[in-house]
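Values quoted throughout were computed directly from the atomic coordinates according to the rules given, and no laboratory measurement underlies them. This structure is a prediction, so every number in the text was calculated from the model and none was measured. Here the Cβ positions follow ideal geometry from the backbone for every residue, glycine too, while neighbour counts run over all protein chains shown.
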Amino acid sequence: MTSTPALSVHDVTRTYGDPGNPVRALDGVTLTVAPGTFTAVMGPSGSGKSTFLNCAAGLESPSSGRILIGGEDVTDWSESRRTVLRREKIGIVFQSFHLMPYLNAEQNVGLPARLAGGRPDKARIRELLAVVGLAERSRHLPAELSGGQQQRVAIARALVGNPAILLADEPTGALDSASARDVLALLRTTVDTLGQTVLMVTHDPVAASYADEVVFMVDGLVAGRMGQPTAEAVAGQMAHLDDLVKVTS
Amino acid sequence: MIGLALRSLRHRAPAFTATFLSVLAGTALIGSFATLFETSLGPVSKEDQEILFIMGAVVGAWGSLIVLFSLASTLGIAVGQRDTEIATLRTIGATPGQARRMIRTETLLVALVASTLGAGIAWVGGRGLLAMIREAGMVSDSVAFAGGPLALGSTVALVTVTSVLAATIAGRRATSGPARLAMVDAASGAGRMRWWRILAAVVLVGYGVVMAMITVFITADSDDPYAAMQTAGSSSILVGVGLAVLAPTLLRWTAVTLRPLVGRFGVAGHLAAFNTSRRAHVLGGVLAPVIVFTAASVGTLTLVAIDGRTSGPANAEADLINLLNNVVVGMISLFAAIMVINAFAAVIAHRRNELARVRLLGATGEQVRSSVLVEAGIIAAVGVLLGLVAASATVVPFALARDEGFVPDGTLWLPPVLVALAVVLTLAAAALAVRRATAAPVLATVNQ
C-alpha cells in the first residue's frame, strides 16, 4: 500500500523512575498501522501495551523515538497542541467509558465538537447513534444505560470527529461477554463499512480475534505478529510468549 | 468497624479536612458565646447578667443555628462524595448497617478531636469577647471570665451530636438501594428532596415571614424602639437558612431556566449549564452558604444602618445593640466565607476524576477551569438573588416600622457592595479549588 499510515511509531522508548534505577516500560517499539485496518495489541500485564497506547494518544511523551499520526510527526508537540490533536485526529475509547454523567447520550457524543469550539452536527450525531444501535436512547443519561450501551455511546463519541485513528484501551474489560461481543462487532463494523482505522489494546484472545492482525508485546518490545487471528491461535500464542522472546532476542 | 474507620481516616486524611475544619470553626464560634452565657450565671450584677445573657444565649443561639446548618451541609457533601467507595464496600459483603456504622464512627472520631480543639479556641475567644464588651463599658470591669466545662462541654456535645446526626442521615442515603446500582456512575441521579427537609424549610421560612408581619403590624407601634428590631432582626437569617435547606431544588429550577442563556457561552457554558441543573444535589452544598452569607450580612447591616438614622441621639443601649449586631454579622460572614471555600474545595476534589475525563477528550485546562467558573457564576447569581429575597424579610418590615417606607432612606450602596463581596468570594473559592484539581497531569488523575 502506498497510502500514508494512520499511525507509525519508530523505535519508541519510555522510561519511568529515577535515572539510577530506570524501569523501561517501552524498550524500542516500532509499529505501523495502515489506514482502514483493525489491529489488536496483546500482551501480559506489565508488557507495556498501555504505555504504548498512551504514547500513541499523546497522553504521555516517549523518552525517545518518533510518533507520526496521519503522516505528521507529533513527538515534540506541546501539551496544548497535543490536546488539539486528540480532539481532531484521535478518537479514544476507554475501559471505563468516561462519559460525562450529567450529559445525555447525544450531548456526550457532541462534546468533542463543542470542545473544539464548534456546534455539534445534529444529523451526524443521530447517524452515529444509529450506527451504534442507540438511536432510541439519545436522550438517556449514562446512569440510565447499561455498560455495553455506555461503551457504544463512547465509541460514537470517538468517531464523531472523523479521527485518523481510533484507539481503544481494553474496551471490553468492564463488560459482560454478550455486551463485549456487541462492542467488538461494532468496532469491526466501523472498519469494514466506515473505513475507520482501529488500534485496540487487550488481553482477551476473543477480543483480539476480531482484528485483522494481532501484535504481541512482551517486556516493552514487539515480540511477534499474527494475521487472520482466531481466538484459539491467539490464546495458544499467549501461552507460549516466552518462545517469541527467545526468537527475537 | 472502629478498626476499619481508623484505617479509612488515616488513609484519606485530606478528604476529612473539610469536616474537621467545619467542626473546628463551628465549635470555636458557638463555644465563645457559650462562655459568656456561663459567665452570666456567676456572681455578677443584674444589669451585667442581662447583657451577658443576651450576648451569650440570644446571639449565640442565632449563630448556632447557622453554624449547625452549615456543618450538616458540609457533612452531607463529605459523605455523599464517598458513594463509590461505600458501594464498593457493599459489593464485597458489607451490610448497609456496617457501612453506616463505619461512617458514623469516622465522623464521631473526627468531630470529637476537632471540637475539643475548637473548645480550646473558644476558651481564648470567649475571653476576647468578654474583654471587648468590658472595654466598651457595657459590663462592669469586675466581671470575671467564668467559662468552663459547662459551656465548652455542652458545645462540644452539641456539635458532635449534630455532626453524627448529619452523617447518619447522609449515610442512610448513601446506603439505601441495591449495592450494584450505586456502582453505576453514582455521580448522576436526581437526589430526591426528603420530606423532613421540605418541612424544616417551610417552618423556617414561615417563622421568618410571621416575625416580619408581626414587626409591621404589631411591634412597629410599640413604645420600645427596639421591639421592632427584636422581631425583624432574625427574619433574614430564618428565611435565608430556610431557603438554603432547599438549595439543591432551587438551584435545579433556576439552572434549568437559565440553561438556554448560559448555553450560549461556548463549551464552558454548555457543561456548566447541564452540570448545575442535572447535579444540583452536589452543588447545592455550595449554594447554601452563599445564600446565608448574603441574607445575614445584607439584612443585619441594613438593619443597623436604619436604626442609626432613626433612633435619635446616641446612647449606651444603642451602642451595645449596634456592637452586638456587628459582631453577629462579622462572625457569621467569616463562618459563611469559610463554608463557601470549604464546600467548593470538597465538591471539586470529588470531581477531579470527572474533570480529568473532559481533558482526556480534548478539553484544555483553560476550558475546564472556565466551565467551573461559569458554574460558580450561576451559583453566585442564584445565591445572592435568594439571599436578597431573604434579607428583605428583615429590611422591609424594619424600614416600614421606622417610617422609612418599603425601601430604606439611605445606605443603599450596602447591598451591592455585599453582593459583590459574595460573588467575588464564590468565584475565588472556585478558582482556587479548580486550579489545584487541574494542576496534576491528566493520566495521574484518571488512574487514581
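As I understand it, the value is the acute angle between the Cα axis of helix B:247-262 and the longest principal axis of the Cα atoms of chain B; what does it come to in degrees, rounded to 10? Taking Cα atoms only, the helix is inclined about 70 degrees.
Simple spin-label estimate for A:E136 and A:R181 gives 2.0 nm between the two label positions (7 Å along the Cα-to-Cβ direction from each Cα).
Taking a straight Cα-Cα cut-off under 15 Å and skipping sequence neighbours fewer than 8 places away in the same chain, the aspartates and glutamates within cross-link reach of A:K122 are A:E106, A:E136.
Close amide H pairs (under 5 Å, H built 1.01 Å from N) link A:V222 with A:T30, residues at least 5 positions away or on another chain. Normalising the average separation of contacting C-alpha pairs (under 8 angstrom, six or more residues apart) by the number of residues puts the relative contact order of segment A:95-162 at 48 percent. Entry note, chain B: relative contact order of 19 percent, from Cα contacts under 8 Å with a spacing of 6+ residues.
Would you calculate a helix-derived [θ] at 222 nm for chain A, using -39,500 (n - 2.57) for each DSSP H run of n ≥ 4 and dividing by the full residue count, to the nearest 500? After summing the helix terms and dividing by residue count, I get -11000 deg cm²/dmol.
The 3J(HN,Hα) values that the Karplus relation (6.51, -1.76, 1.60; θ = phi - 60°) gives for segment B:163-168 are, in residue order, 4, 5, 4, 4, 5, 5 Hz. Gly and Pro appear as x.
3J(HN,Hα) couplings calculated from phi for segment B:431-437 with the Karplus curve 6.51 cos²θ - 1.76 cosθ + 1.60 (θ = phi - 60°) are, in sequence order, 4, 4, 5, 6, 5, 5, 6 Hz; Gly and Pro show x.
Annotation for A:S78 and A:A174: the two label points, set 7 Å from Cα along the Cα-Cβ direction, are 3.3 nm apart. Hey, what angle do you get for helix A:177-194 against the long axis of chain A, alpha-carbon based, 0 to 90 degrees rounded to 10? Between the helix axis and the principal axis of chain A, the angle is about 90 degrees.
Expressed to the nearest 5 percent, the antiparallel share of DSSP beta bridges inside the protein assembly as shown is 55 percent.
Tell me which aspartates and glutamates have Cα within less than 18 Å of A:K89's Cα, excluding those fewer than 8 residues away on the same chain? Cα-Cα hits under 18 Å: A:E60, A:E72, A:D73, A:D76, A:E79, A:D121, A:D169.
When the alpha-carbon atoms of segment A:95-162 are used, the pair Rg, Dmax equals 10.6, 30 angstrom. Other protein chain C-beta atoms within 10 Å of residue C-beta, averaged over A:84-92: 2. The ranking of A:K122, B:K46, A:K49 from fewest to most other beta carbons within 10 Å of each one's beta carbon is B:K46, A:K122, A:K49. Pairwise inverse Cα distances across chain A, averaged and inverted, put the Kirkwood hydrodynamic radius at 18.5 Å. For the residues of B:429-442, the average number of beta carbons from a partner chain within 10 Å of their own beta carbon is 1. Ranked by the mean number of other Cβ atoms within 10 Å of their residues, highest first, the peptides A:171-179, B:276-284 come out as B:276-284, A:171-179. Taking 0.36 nm per residue of separation and subtracting the current Cα-Cα distance, fully stretching the chain between B:N326 and B:V202 would add 41.8 nm.
Taking every alpha-carbon pair in chain B and binning the separations at 10 Å intervals from zero gives 4, 20, 28, 26, 14, 6, 1, 0 percent.
Against chain B, whose longest principal axis comes from its Cα atoms, helix B:2-11 is set at around 90 degrees. Which of rounded, prolate, oblate describes segment A:1-134, given a ≥ b ≥ c as roots of the alpha-carbon gyration tensor eigenvalues and a/c under 1.5 marking rounded, otherwise prolate only if a/b is larger than b/c? Because a/c hits 1.5 or more and a/b exceeds b/c, segment A:1-134 counts as prolate. For the pair B:A144 and B:L334 in one chain, pulling the backbone fully straight at 0.36 nm per residue adds 65.7 nm over the alpha carbon distance. Note that segment A:115-127 has calculated 3J(HN,Hα) couplings of 5, 7, x, x, 9, x, 7, 4, 5, 5, 5, 4, 4 Hz, one per residue in order, obtained from phi through the Karplus relation 6.51 cos²θ - 1.76 cosθ + 1.60 (θ = phi - 60°); glycine and proline are x.
At full extension, B:L165 and B:L261 could sit 30.6 nm farther apart than now, given 0.36 nm per residue minus the alpha carbon distance.
Across the protein assembly as shown, the fraction of Cα-Cα pairs farther apart than 39 Å, rounded to a whole number, is 45%.
For B:G128, the shell of other residues with beta-carbons less than 15 Å away shows a net charge of +1, using +1 for Lys and Arg and -1 for Asp and Glu. Taken residue by residue and averaged, Cβ atoms of other chains lying within 10 Å of the Cβ of A:111-119 number 5.
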